[in-house]
Every structure is written in structure tokens, then in C-alpha cells.
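To start, the structure itself, in C-alpha cells.
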Amino acid sequence: MKYLKTTILIVLCACQSTQVSIPKEPEIGPLGEQAMISTAHPLATQVGVEVLKNGGNAFDAALAVKFALAVVFPRAGNIGGGGFALYRMNDGTIGSLDFREKAPKAGGRDMYLDDEGNVIDGLSTKGHKAAGVPGSVDGILKLHDKFGSKALAELIQPAINLAYYGFTITENQAMEFNEKREDFIEINGADFFLVKDEGWKNGDTIKFVELAGTLTQIRDRGRDGFYAGIVADQIVKEMQRGGGLITEEDLNAYSARWRDPVTSNYRGHKVISMPPPSSGGIAVLQLLQGAEQYNISEMGHNTAQTIHLLTELERRVYADRATYLGDPDYYDVPVDMLLDPTYNKERFSSISLKKKTDSQDIKEGEVDVIESVETTHFSIVDPDGNAVSLTTTLNSFFGCKVYVRGAGFFLNNEMDDFSSKPGVANQFGLVGGEANAIVPEKRMLSSMTPTIVEKDGKLKMVVGTPGGATIITSVFQAIMNVIDHGMSMQDAVNATRTHSQWLPDRILVEERAFDPAAIKKLEKMGHLIERREAMGRMDCILVREDGKLEGGADYSRGDNYAEGF
Ligand code: GLY
């Protein structure tokens, strides 16, 4: 906690006074000789660190952290959502688990369209019908069953205690609860316990007693504590109350899937990432294949030329994403083609370093705005060198805002990650087509990009972030920040980020400390620039040359906190 407070002060001072995006003095994140954990909340990090100190491995800690985040970080940490886990064992074995939500059996291609075939505004983002069948509980239990060493009951208990006895909320959290007040009232009624007339403030204590009950069910009954029995009944009743589609049969049928990660090389490193239904892994590997053709280090960090190049790569990769990516169980995703260096060389051959390409010239489409950038990620390396990179989501802030009565948790609004209608953007401004159309029991495409980097057969980095469509570009930039720009993990996380995604045809830049001369040059090249407060909240780990583990937690953008020993 001490680290957190001091470093926040340093960053606040730095942001006010300068327009340079890389701190002059390298900032090194917390170091560990044996292990490191970085998560979105100090309490979750500490729960995980205790597990490791008591002899648990990375998978034990992942379970404890995942459930702790469901309590202390309810806007994105969850049991009512889904996610992806990527792992690398200390012997180099890699794998991934897909616990992405699924469309309910009663769902279908036109479920968000009116009689004239137009998308009904808000139906896939707010309220009961926006929820996909949750995968988080099945996923984290499966991961732990296969690789964990300690008992579920011991690992989930800290989360139960936090929920039952309460914890103090941060300023960010108070703000989030207050901001969502109207949505909470609309969906859950004026007497909903997170609605407070006088507003929430930093340091208030909050308890999730019903959630403690649900977690106790999971502790005592495992998977059946959520997908069957009392909790399943409560979910189904909640669905019936608000016209949602999830049934007992949907819950029963949910099963997380083991999948082979996608890999590619980048300047002598092996980059390992999440395969479909994540679009993130393929996209980040395509971007790195494109970047490798240029001397990024010489071009400089966040210079106009580098941002121009990244944008040109990104508009092509996101256009591919919209066309080719979807749930591989339902759509034949051309993974080999998209990761083929020859394909990517040809794909990027139309890039000019002097002139912007119009996105409309790459492929047609129509897109509005990007709104929420939610989700959460954590990275863990244990004393044996096993690594877990796990990203999990409710999609928007507090998902569809439906709080399952009696069971005490929010449900996701992940159905919005499907393409409700070809060419019409979702809340992240992402478009899609047939590959990501809604089909009963299909998984919606995701941008979540849990990633691990190896060098010379050894673990080098564990990377990931929330941020909707910006997840992919944040992970891309963090990897280049370390490999091309020689940054520490903390600097790579702190560094100002940009984002573009084919459509809309513009570059988002974080406002904090961005060089106005670079912006001017980009505008001269024809780019449209839009300023953003913050993109992503990264939680990363670097294995340094001296063998120490450096945590890189995005404490200047959120409450993120890394700790090692
Ligand atoms: N819900 C954000 C994503 O999966 O991309």
C-alpha cells in the first residue's frame, strides 16, 4: 500500500507539468525475487500474494484473485461474466482456457432487431436480454482442478470474508457507484443497496452479504454451487423477471473449453496469446509481424511517424478482425492465413510512411462511437516460474446492470460483443459480419488479449489489460515499449497510449502528457485525432535480465497494484 500511495503522488506531479510521454527517469515497478502478482485492486493482489507465500502455485493464486476481484472490484471482476486464461508452466508448456460467455439457446441472429430490421438501441447493452450465459465459475474451477495444489475451500475463503465482513472502497469506486446510480435505479429499483442518496465516498465500507452466500455455495458444492441448485434458480428467476433468455438448461450446459494458444515471433521473442473466440491474440500477432518490418526503436516512442505507422497497421488488422474472426466452433476462422508472415507482408504492403490511407479504401463499413472500456486483467508468476495471464469481463461497467436478486452479483452484457447486424457497430465501435453473427450457444468475439512473451525459451513477460477494442493496441504497445524502446515494465505501462481500429477512421490519444507537435504532424498527414482521458489499465510482469520480477500495475489510471516477494 505504501508503494501505491507514494507512486500515485509522483505520477500526479509528472502529469501536470510536462508534455513528454516517457518519464525522464526510468520508473521501476515493485521487484520480487521469487513471485509477483499484479491486479486491478490492492486487496485482490494481497489475497493472491498470501496464497503464494503459503505455498500455493500460480493457479491457486489465480482462483483466489479471481473470486476476490468479484467482490472488491464489482464493476468488472465477476462471477456473472466470462474470460480467458493463458498459462505457461515453468517447463515451457503453454495452454489456454476459454470461459467466454455463450448466447442462450433461445437467442438468435435477429434478437436485437425491430420489425424493420433495425437494431433496437440499448437492448444488447442494458437489462436482462443483454446477458450471455456466464462462464467465469466453470472456467476458474476447471483451471484450478487441472493445475491447482490447494483446496478450493481455502482459496475462496478470503473472497467470502471480504464479501461478508466488508471492505473500504476507493475514490474511483465511489465515483463509479455514483455515476451508475440512474442505471442501477432503472434496472434494479430505487431501493437497490448500491444506490445511496448522499452518494458513496472514498473510505466507505461496503458489504456484499448475498454474494458471500453464493461464494459459500461454490465453496461447498463446486460448479453445482453456481450452475445448479439455489443460485441457478435465482439466475433463472431474475431472467424471468426482466425478459432475459438464460434458462436452467443453458446454465447446465455451459462448459469452458481448453484451446491451443496462437504464437508468433517478434524480434527474437516468442509471443503467445489467446486464440479465437478472442480476436486479440491473432490481431496482436499480426500487428507485431507488421511492426517487425520497421525500425520502431529508431522511429522513436510516440513520435508522429511511429503513431502513423501503428495506425496504418491497426486499420488493416481491425478490418481483418471484422471479416474473419468469430467463435471457431461455429465459424471456420482462417487462423493460419492471418498468422502467415507472407499474408501479413502483402497485407501491409500498401502502407506509406508519408500518407494516411482512408479506412473506407480498406473495406466499407459504418461506425459510431466507442463508449465504455471495461473488463479486468491480472498477471501472476509463482516461485516455481509458472505464469498465468487472465482477463475477465462483464463487458460494460457492472455488465448489463442486472443484479441477481438473492445471489448478489451483476450479470454481463456480453451479447453486445456479437454483431447484432452486419456493418452496425457495437458499443466499442466494432463492426462484424457473418463470422460473429448470433447463433444459439455460440461464443461472442472478444478483444481480450492475455499474452505471455518468451525469450530464448524462458519466460520474459506476462501482459494484459481491460479496454474493450483498445485492449489489443494497448498490449501491442506495451510489448514494443519493452522490446523496442527498452522501457522498464512500469514505464511501459505508464506510457501514453494511442489507439485506432479501422473504423471510425481516427486516432484516439490519451490526453495525459502528449506531445502537441506530434499531434500537429499527424493532423497534417490527414489523421483525425480525438483525445481520451485514459485507455486500459494494465497489469503486467517482466522477468528482468537480473532474474528479478518487475510488476507493472497501472496505478496512475486505476487502483491497480502489484506486489512481489
Ligand atoms: N467485452 C470486451 C471483450 O471481450 O472484448
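What follows is calculated from the coordinates using simple rules that are stated; it is not laboratory data. Since the model is a prediction, treat every value here as computed from it, not as a measurement. Cβ coordinates were reconstructed from backbone atoms using ideal geometry, including for glycine residues, and neighbour counts include every protein chain displayed.
Observations on the structure shown:
- Think of the chain as a dipole: +1 on every Lys or Arg Cβ, -1 on every Asp or Glu Cβ, centred on the Cα centre; then among VAL333, HIS128, ILE28, ILE28 lies furthest on the positive end.
- Chain lengthening between GLU441 and TYR343 when straightened (0.36 nm per residue, less Cα-Cα): 32.1 nm
- Taking packing as the residue-averaged number of other Cβ atoms within 10 angstrom, the listed peptides 478-487, 406-415, 217-226 run from highest to lowest as 406-415, 478-487, 217-226.
- Per-residue ³J(HN,Hα) for the range 306-319, Karplus 6.51 cos²θ - 1.76 cosθ + 1.60, θ = phi - 60°, Hz, x for Gly and Pro: 5, 4, 4, 4, 4, 4, 5, 5, 5, 5, 6, 5, 5, 5
- Per-peptide packing, taken as the mean over residues of other Cβ atoms within 10 Å, places 260-272, 337-349, 392-404 in the sequence 392-404, 260-272, 337-349 from highest down.
- On full extension, the segment bounded by ALA517 and LYS237 gains 95.1 nm, given 0.36 nm per residue less the C-alpha separation.
- The packing ranking of peptides 454-460, 83-89, highest mean first, is 83-89, 454-460, where packing means the average number of other beta carbon atoms within 10 angstrom of each residue.
- Backbone geometry of the range 96-109 corresponds, through the Karplus equation with coefficients 6.51, -1.76 and 1.60 at θ = phi - 60°, to 3J(HN,Hα) couplings of 8, 10, 9, 10, 5, 5, 10, 5, x, 4, 7, x, x, 3 Hz, x marking Gly and Pro.
- The GluC sites (Glu not before Pro) of the range 516-565 that meet both conditions, a loop assignment by DSSP and at most 14 other Cβ atoms within 10 Å of the site Cβ, are GLU533, GLU545.
- For the range 541-546, Karplus couplings with θ = phi - 60° (6.51, -1.76, 1.60), whole Hz, Gly/Pro x: 9, 10, 8, 7, 4, 7
- Entries of LYS129/LYS201; LYS126/LYS237; LYS356/LYS421; LYS355/LYS460; LYS102/LYS401; LYS102/LYS142 with Cα pairs more than 26 Å apart: LYS129/LYS201; LYS356/LYS421; LYS355/LYS460
- Rh (Kirkwood; distinct C-alpha pairs) - the range 284-365, Å: 13.6
- Stokes-Einstein, applied to the Kirkwood radius of the chain over Cα pairs at a viscosity of 1.567 mPa s and 4 °C, places its translational diffusion at 56 µm² s⁻¹.
- Normalised by the number of residues in the range 394-547, the average gap of Cα pairs under 8 Å and 6 or more apart makes the relative contact order 17 percent.
- Computing Rg and the Kirkwood Rh from the Cα coordinates of the range 279-421 gives a ratio, Rg/Rh, of 1.03.
- log10 of Debye I(q)/I(0), alpha-carbon scatterers only, for the range 269-319 at 0.25 Å⁻¹: -0.98
- Calculated on the alpha-carbon coordinates, the convex hull of the range 113-161 measures out at 109 cubic angstrom per residue.
- Across the range 515-565, the convex hull enclosing all Cα atoms gives 120 Å³ per residue.
- Applying the criteria of a DSSP loop state and at most 13 other Cβ atoms within 10 Å to the trypsin sites (Lys or Arg not before Pro) of the range 486-523 yields no site.
- For the range 146-209, taking Cα atoms only, Rg and Dmax work out to 15.4, 47 Å respectively.
- Modelled FRET efficiency - R0 51 Å, ILE28 with ASN252, Cβ distances, 0.05 increments: 0.55
- Selected from LEU459, PHE398, ALA435, residue furthest toward positive end of dipole (the range 383-503; charges at beta carbon): PHE398
- Its alpha carbons considered, the range 399-527 gives a radius of gyration followed by a Dmax of 18.3, 57 Å.
- With a simple spin-label model that places each label point 7 Å from the Cα along the Cα-to-Cβ direction, the separation between ASN90 and ASP336 comes to 3.7 nm.
- In the chain, helices alone account for a calculated mean residue ellipticity at 222 nm of -10500 deg cm²/dmol, with every DSSP H run of four or more residues adding -39,500 (n - 2.57).
- Cα coordinate range in the range 231-362, projected on the principal axes (Å, largest first): 59, 29, 27
- Whole-percent pair-distance distribution, where bins are 10 Å wide, for the alpha carbons of the range 460-565: 15, 45, 29, 10, 1
- Dividing the C-alpha radius of gyration of the range 16-167 by 2.2 N^0.38 Å, with N its residue count, gives 1.34.
- Dipole orientation for the chain: of the candidates PRO383, ALA58, ILE519, PRO383 has the Cα lying most toward the positive pole (charges on Cβ; Lys, Arg +1; Asp, Glu -1).
- Expected-Rg normalisation [2.2 N^0.38 Å, Cα atoms] applied to the range 197-269: 1.73
- Between the range 237-265 and the range 549-565, the Cα center-to-center distance that results, in Å: 31
- One decimal place: the segment LYS196-MET525 gains 113.5 nm when fully extended, by the rule 0.36 nm per residue minus the C-alpha distance.
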